[in-house]
Structures are given as C-alpha cells and as structure tokens.
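**Q** Here's a structure for you.
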Amino acid sequence: MNLDFQHFIYALVRILNEMSPYILLGFILAGILHVFVQPAQMSRHLSGRGWKPVVKAALLGIPLPLCSCGVLPTAISLRRQGASRGASTSFLIATPQTGVDSIAATYALLGLPFAILRPIAALAGSVFGGMAVDKAENDNLEEGVASVSLPNNHTPRTFFGKLTEAIRYGLVDMVASVGKWLVIGLIVAAIITVAVPDSLFLSMSEHPVLAMLVMVIVAVPMYICATGSIPIAMSLMLKGLTPGVAFVLLMAGPAANFASVILLRKNLGNRSTTIYVASVIITALVFGIIIDYLLPASWFAIPAGSIGADTACHLELPIFSTACTVLLIALLIYSQYRTRRNPHSHACACDCSKDNDCKTSNDNDMTTTYNVKGMACAHCKATVEKAVGSLAGVNSAIVDLSAGTITVDGTALPEDILAAITAAGFDPSLPE
C-alpha cells in the first residue's frame, strides 16, 4: 500500500465534512433521549411474554445511541427491573446497530436507502431474536435474577435543567464514549480510500455471498460502534465491494463482540446468548443478500468523486460543514483532555450547591475499592459512578476504567454498594 499523506488528510477532512453536521445533531438528540427516557420508565412496558414487549423493546432501542458495551448494563438493568428475556434480547440486538446519531451519519455518507434499511433490519432482527428467546426459554424472573430498583440518578427537575443536561451529555459524555471508535473508523476509512488499490477487492466483489461470510467472521468478534462503522463501509464500497457486504459490516460489527458475549452468557444464559448472536448474523446476511440481489443497484450508488482518492487532491471547505467539523474536533480533543486531566472524576452524593464543598468525611468514613466486571467505555464509567454516588452515605465514587475498579469513600454498607452496581447492570465483587 502506498499512503500519500496529503491525500490522506484531504480524504479525512472530506469524510468529516460529510458526517460532522449529522453527528453533532445525533449527539444532541442522543442527550435528549438519555435525559427524557429512563430505564425505569421503559421497563414497565417490557414485562410479560408475547410479541408486544419484544416489539416495544426494539422500537425503544432503535433510536438510543448506545454501543454494544454501553447497551449491556442498560439491558441487564431492564431485565432486573422486570423486563422479559425476549424483550431484553430484542433491546440488546436493536440498540447498538442503530441510533439517531448513526442513522443521521448513514444518510450523510451512504444515502437515504441505507439510512432507511438500517433501522428496518434492526427491527426485524431484534423482533426475530426476541421472539426466538421467548419460545426457547421458560422465562421466570424470580428464577433468574432478583428485581431491583435503580438508584436515583439526580436528573434535573426543570425543563431548562433537563435540556442543559441533555446537551451536556450529548456533546461531552457521548463524545467521550464513542469518540475513540469514531476516530479509529475515520482513520481506517481514509487509509482505505487513499492506500488500498481497487483491484484488491475486485475478486471478492464477484462472489458477494462469500464476501459477506468473510465480513461476518471479521466483524462479529471485533468492537466497532454504529457510527464508526459508516466511513469504513463507505470506503470499502468505493474500492469495489458490494453494498450488501458493506451492510453486513454496518449491522454485524456494532451488535456483538467477545466482551459482550461473555457478559451476556452470565446474565441471560447460553441459549439466549446463542440466539442473540445467531439473530445478528442471520439478519445481516439476509438483508445483505436482499440489497445485492433484489434491490436496484442505483439505490446504493455512492456518487463518483464524492470522497474518492481520485478527487482527494482538490479540497473544498463549505462554511457550515467545515464549522461543524471544527466543533466536532474541538469536542473530541476536549473529551480526551478532560479524561486525561481528571481521570478519577468522582460522583458526589451530596448537594454541593448548599455547601462550600462536598460534605466532609467523618471518623466512620471508609475507603474501599471494589472490582467491577463489564465496564468498557466512558458511558459505563459514568453509569457506575452515578449509581454508587447516589447512595446515602457515599462521599465519592471513583472508577478506574483501565483497572476495572471503583473506589468508594463514605459510610455506605458494602452490600448496598454491591447491590447498586449490580442493579446498574455490572458484575461487582469485594477485593480479595
């Protein structure tokens, strides 16, 4: 591969300019959904057997902007609040494959047909998987995990406060959560665009079904978010792979990875986990075949010269999209700076607005570090810190994501802390 650095930068900027307005809009919508739609509200609609809770779970999950690791604690907490296995599985399949941010970005780079088919495929696969789990499992919540209530997450009460929190979550927490994988996806896409010869994929394009199977083998084990997969899929299409193969990447890549499968086996069981993975693969392959063999190829054509290497020597910078790109880059840099500068930001249980500082420790305060399995991103970190920080008697709760631990200072009982982490959808344990 011959990588021309100038062409690489031009291709990267072109992709960013195409995506950034839609990504920013998606992040803001994601924040609104996060603040105004809570798991406790959703779980009331997802209990019981039959197709209704399964379909409701899919429809609730499709717009939510959670990746395959971020959706796990949410789905597990729904399960522990009374949602059926089928509804939990449906939610798990639908949510990471789509989201308001990824749908908007899909429309920006791949066009309207892809943007429409992506949530339709997610709905079909999640309903199929959820119904299959309902048929296969004798669902009894009491025999599985105990129903518990999640701690209060201190959502602002006023509409203006909620809107402010939604924007903060969307443009700060969401950017921190998916930013790393978005950047990786953009860089990989730009490298493919300018460095990979078109002839490399020509032989695979002659056998689309085989190429789809290869894509499943590659995409399912790895971790890639719904938004980060879009520029990679576009670049592969520009190099000659069929739209159906690209669609398999879009659907199979974000929905499953080794870490999520291991955690699912513990919380839903082997049978439900197997059905979950099979549903993701089958749906991706079926829709990939439909796209390549039954739908008009013109629907999925990427305009020649839009972001290809042949036009990378000419760079145009429209004012609005360039401004959005600059803002997105600034948010990505800020999220990394914020994480590095204060990696142990804490969740305080007190009302700091009434005191000069957080409440002071007393002689009975203890600092204990707990092991927490299942945390993989900034969203997981924030969820655990918020769950523990909202407990009475907790002065601070500090997650070390790399070590998989949370250090808690205060007088809260260990069993209450373990219960709060468990209710949030993670697997805690006391240090040995």
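Nothing in this text is a laboratory measurement; each read-out follows from the coordinates by a stated rule. Quick caveat: nothing in here was measured; it's all calculated off a predicted structure. Reconstructed Cβ throughout: ideal geometry from the backbone, glycine too, with neighbour counts over all protein chains shown.
**Q** Using 24 Å as the Cα-Cα cut-off, could you pick out the over-long pairs in Lys52/Lys135; Lys162/Lys381; Lys135/Lys386?
**A** Values: Lys52/Lys135 14 Å; Lys162/Lys381 21 Å; Lys135/Lys386 36 Å.
From the list (Lys52/Lys135; Lys162/Lys381; Lys135/Lys386), the Cα-Cα distance tops 24 Å for Lys135/Lys386.
**Q** Which whole-Hz ³J(HN,Hα) couplings does segment 158-164 yield from phi under the Karplus relation 6.51 cos²θ - 1.76 cosθ + 1.60, θ = phi - 60°, glycine and proline marked x?
**A** 7, 5, 5, x, 5, 5, 4
**Q** Using the Karplus equation 6.51 cos²θ - 1.76 cosθ + 1.60 (θ = phi - 60°), what ³J(HN,Hα) coupling, rounded to whole Hz, does each residue of segment 238-244 give in order, writing x for Gly and Pro?
**A** These are the phi-based 3J(HN,Hα) values: 5, 8, x, 6, 6, x, x Hz.
**Q** Under 5 Å between amide hydrogens, which residues at least 5 positions from Thr405 or on another chain qualify, with H placed 1.01 Å from N in the peptide plane?
**A** Val372, Asp400
**Q** Another question, then. From the backbone phi of segment 273-282, what are the Karplus-calculated ³J(HN,Hα) couplings (6.51 cos²θ - 1.76 cosθ + 1.60, θ = phi - 60°) in whole Hz, Gly and Pro given as x?
**A** Whole-Hz 3J(HN,Hα) from phi for segment 273-282: 5, 4, 5, 4, 5, 4, 5, 4, 5, 4.
**Q** Hey, another quick one. For Lys135 and Ile217, FRET efficiency with R0 = 30 Å and r from the beta-carbon atoms, rounded to 0.05?
**A** That gives a FRET efficiency of 0.60.
**Q** Take Ala323 and Ile184, extend 7 Å from each Cα along the Cα→Cβ direction, and tell me the distance between the two endpoints in nm.
**A** According to this spin-label approximation, the distance is 3.3 nm.
**Q** Please list, ordered by chain and number, the residues whose modelled amide H lies under 5 Å from the amide H of Ser396; skip anything fewer than 5 residues away on the same chain.
**A** Asp409
**Q** Another question about this same structure. What shape does segment 84-123 have by the C-alpha gyration tensor, where a ≥ b ≥ c are the square roots of the eigenvalues, rounded means a/c under 1.5, and otherwise prolate means a/b greater than b/c and oblate the rest?
**A** Note, shape of segment 84-123 comes out prolate.
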